[in-house]
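To start, the structure under review is shown below, and the notes come after it.
The values are calculated or read from the model by the stated rules, or taken from the named source; none is laboratory data. Here the structure is a predicted model, which means the values were calculated and not measured. Don't worry about glycine lacking a Cβ; one is built from the backbone with ideal geometry, like all the others, and counts go over all protein chains shown. Side chains are part of the model used for accessible areas, which takes the heavy atoms of the whole protein and leaves out ligands, DNA and RNA. Shrake-Rupley method; radii C 1.70, N 1.55, O 1.52, S 1.80 Å.
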Amino acid sequence: MSALRLLRLLRPAPGVPRPGLPLRDAGARAAAWVGRSWPFPPQRAMSQYCTEERGRPRSAQYRVYFKHVAGHYISPFHDIPLKAKSKEAVFNMVVEVPRWTNAKMEIATKEPLNPIKQDIKKGKLRYVANIFPHKGYIWNYGALPQTWEDPHHKDSTTSCCGDNDPIDVCEIGSKVRACGDIIQVKILGVLALIDEGEADWKLIAISVDDPEASKFHNIDDVRKHKPSYLEATLDWFRLYKVPDGKPENKFAFNGEFKDKDFALEVIESTHKCWKALLHKKADGEDINCANVQVHDSPFCCSKEEARCIVQSAPTAMNEDLNSKEDEDTHTWHFIKK
């Protein structure tokens, strides 16, 4: 058999989704499943968790729900442990936005089981602008589970209250991750963004399975092995809202990146705030605390209740007035310094 004929036989049939299809092709992938006999949307397996997509990608209805390998639905905010089972200080990270993409995907903190969804502002799906020379997000962006930046708690180092979200993570490894991936990272440092008067911490981390992970132990290693990456990170957070007509963002500590030990203290503080939230010792207001595995929490629900929550979410590939907006059509913005 000729090599050319073998390649033709191995080529996927038209319309059949390919394994590992990136998020930017999610619409084509989802459309390929329409009318097929599978009872659920496609799932992507991870070591202990998998994801289930509901609704049409790039629509207001689109959600990424999480399941444990045991088969029950969970909250990525509350049910995934903060720390990985490791002798080192290794943390679980929920990837919300893959590197080089523009769609602002985020954990829906106000919805039951906290699926990932695309943020909406003024009735439109939200995308970050391309600020030259950057294309979308310049890291894999996400959050640490079981952390919460309490909007009623004033941080002693910044004198600002939290932004009411899990703590954010910028993963600087070489791999482009997928939305909904759970990866294990080691923390290298942290940047204190002040967003409209609120402390919005940005952890700098690298995945433990990155080929160069052994080189990175603290924030100085980023400067050594990835020169200009921290400067680009500072510029990105300072400018990314300017194309939307907003002023430049500000930072605590004059934009200085704090080291690993400082970052670990911030994580511990936000983890304590999350514990208080899950046990009604802090006012979460409209934060949805439904969970399946924090058994001593008054918000813990049954696996059957969790299943009903997900089954009530839209499954159809619904059209949406913003669904034709493509992150790749965003223009480049040149901002004068």
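Test of understanding: among Lys224, Lys202, which residue is at pLDDT 95 or above, among the basic types (Lys, Arg) and farther than 19 Å from Arg238 by Cβ? Show your work before the answer.
Values: Lys202 fails: farther than 19 Å from Arg238 by Cβ.
The match here is Lys224.
The conditions of being open to solvent by less than 10 Å² (accessible area, probe 1.4 Å) and farther than 25 Å from Pro133 by Cα are met by Val185. Of the residues Lys226, Lys215, the single one that is of a type in the set (Lys, Arg), open to solvent by 40 Å² or more (accessible area, probe 1.4 Å) and closer than 26 Å to His333 by Cβ is Lys226. Mind checking whether some residue in segment 265-277 is open to solvent by less than 10 Å² (accessible area, probe 1.4 Å), farther than 18 Å from Lys83 by Cα and out of contact with any Leu (no Cβ under 6 Å at 6 or more places or on another chain)? Checking segment 265-277: at least one residue is open to solvent by less than 10 Å² (accessible area, probe 1.4 Å), farther than 18 Å from Lys83 by Cα and out of contact with any Leu (no Cβ under 6 Å at 6 or more places or on another chain). All of Thr51, Thr101 fail the test of being open to solvent by less than 50 Å² (accessible area, probe 1.4 Å), part of a loop (DSSP other than H, G, I, E, B) and either more than 23 Å from Thr233 (Cβ to Cβ) or at pLDDT 95 or above (or both), apart from Thr101. Within the option set His279, His295, His330, being farther than 15 Å from Tyr65 by Cα, out of contact with any Lys or Arg (no Cβ under 6 Å at 6 or more places or on another chain) and modelled with pLDDT under 95 holds for one residue only, His330. Restricting Phe262, Phe253 to residues that are out of contact with any helix residue (DSSP H, G or I) (no Cβ under 8 Å at 6 or more places or on another chain) and at positive phi narrows the list to Phe253.
Against the condition in contact with a strand residue (DSSP E or B) (Cβ under 7 Å, 6 or more places away or on another chain), aliphatic (A, V, I, L, M) and buried (at least 22 other Cβ atoms within 10 Å of the Cβ), how does Ile172 come out, does it pass? Judged against the criteria, Ile172 is a match.
Step by step: first the residues of segment 55-73, then only those that are of a type in the set (D, E, K, R) and either buried (at least 23 other Cβ atoms within 10 Å of the Cβ) or within 17 Å of the chain's Cα centre (by Cα) (or both), then the one that is farthest from Asn218 (Cα to Cα). Which residue is that?
The first filter runs over segment 55-73 and keeps only residues of a type in the set (D, E, K, R), leaving 56, 58, 63, 67.
Narrowing the set further to residues that are either buried (at least 23 other Cβ atoms within 10 Å of the Cβ) or within 17 Å of the chain's Cα centre (by Cα) (or both) leaves 58, 63, 67.
Working: Arg58: 37, Arg63: 35, Lys67: 33 Å.
Ranking the candidates gives Arg58 first.
Tallying residues that are buried (at least 21 other Cβ atoms within 10 Å of the Cβ) and out of contact with any strand residue (DSSP E or B) (no Cβ under 7 Å at 6 or more places or on another chain) within segment 113-136 yields 1.
So which residues in segment 196-211 are within 17 Å of the chain's Cα centre (by Cα) and β-branched (Val, Ile, Thr), if there are any at all? Even if it seems obvious, please write down each step before you answer.
Kept after step one, since they are within 17 Å of the chain's Cα centre (by Cα), are these residues of segment 196-211: 200-207.
Result: Ile204, Ile206.
For segment 243-258, which positions are crowded, with 16+ Cβ neighbours inside 10 Å and either within 22 Å of the chain's Cα centre (by Cα) or at pLDDT 95 or above (or both)? Asn249, Phe251, Ala252, Gly255, Phe257, Lys258 - these are the residues of segment 243-258 that are crowded, with 16+ Cβ neighbours inside 10 Å and either within 22 Å of the chain's Cα centre (by Cα) or at pLDDT 95 or above (or both).
Among the numbered conditions (1) hydrophobic (A, V, I, L, M, F, W, C); (2) open to solvent by 20 Å² or more (accessible area, probe 1.4 Å); (3) within 22 Å of Tyr141 (Cβ to Cβ), the only one that Ala282 does not meet is (3). I'd like to check something: does segment 247-260 contain any residue that is free of Cβ contacts under 8 Å to residues at least 40 places away in the same chain, over 27 Å from Gln184 (Cα atoms) and among the acidic types (Asp, Glu)? Yes; the residues of segment 247-260 include at least one that is free of Cβ contacts under 8 Å to residues at least 40 places away in the same chain, over 27 Å from Gln184 (Cα atoms) and among the acidic types (Asp, Glu).
Can you tell which of Pro76, Pro81 is modelled with pLDDT of 95 or more and surrounded by fewer than 21 Cβ atoms within 10 Å (Cβ to Cβ)?
On the way: Pro76 fails: surrounded by fewer than 21 Cβ atoms within 10 Å (Cβ to Cβ).
Every option except Pro81 fails the conditions.
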